[in-house]
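Contents: one structure, followed by commentary.
The values are calculated or read from the model by the stated rules, or taken from the named source; none is laboratory data. Quantities reported herein were computed from a predicted structural model and do not represent experimental measurements. Side chains included, ligands, DNA and RNA excluded: accessible areas come from the protein's heavy atoms. Shrake-Rupley method; radii C 1.70, N 1.55, O 1.52, S 1.80 Å.
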Amino acid sequence: GQGISGQPECGADAGRERRVAEARREAAAILEAAREAAASAERERGGMLDAARMEVEEARRVREAAESGRARMLRDAVAKLAAAEQQAAGIVEEAERGRVAAQAAAQAGAEAAAAAAA
């Protein structure tokens with residue numbers, strides 16, 4: 001407007017400009033607050049992500065430890081089974097030798113009896 005003449009419309013113009021400037025400042029403040037809120041939310045989300053990542057990592061470590069513990073237990077069990085199997089095989093072998101020996105003795109006894117009868 002023509003502010004030089006000092007007519008009332010100039011006052012109205014100035015008022016409108018002041019209101020526009022105020023509205024702009026308010027919008028800028030709102031925008032700034034929104035930016036800060038977004039940044040804060042992002043930081044919080046990052047923190048939550050980090051925490052979640054750490055939890056996942058910890059869970060993985062626990063699982064791996066459990067698996068290696070289970071593997072150790074399995075290895076021990078397998079070793080014990082193998083030892084028991086070997087022992088059983090030894091007993092069977094011994095029993096078989098004993099049976100063969102008993103059979104041979106019975107055979108020899110039978111032959112001796114037959115020779116005596118002859």
Selection status of Gln87, more than 57 Å from the chain's Cα centre (by Cα) and either open to solvent by 60 Å² or more (accessible area, probe 1.4 Å) or not hydroxyl-bearing (Ser, Thr, Tyr) (or both): no
Selected residue [at pLDDT below 90, assigned to a helix (DSSP H, G or I) and not charged (D, E, K, R)] from Ala113, Ala82: Ala113
Output for the range 1-15, where each listed residue is open to solvent by 80 Å² or more (accessible area, probe 1.4 Å) and either modelled with pLDDT of 90 or more or part of a loop (DSSP other than H, G, I, E, B) (or both): Gly1, Gln2, Gln7
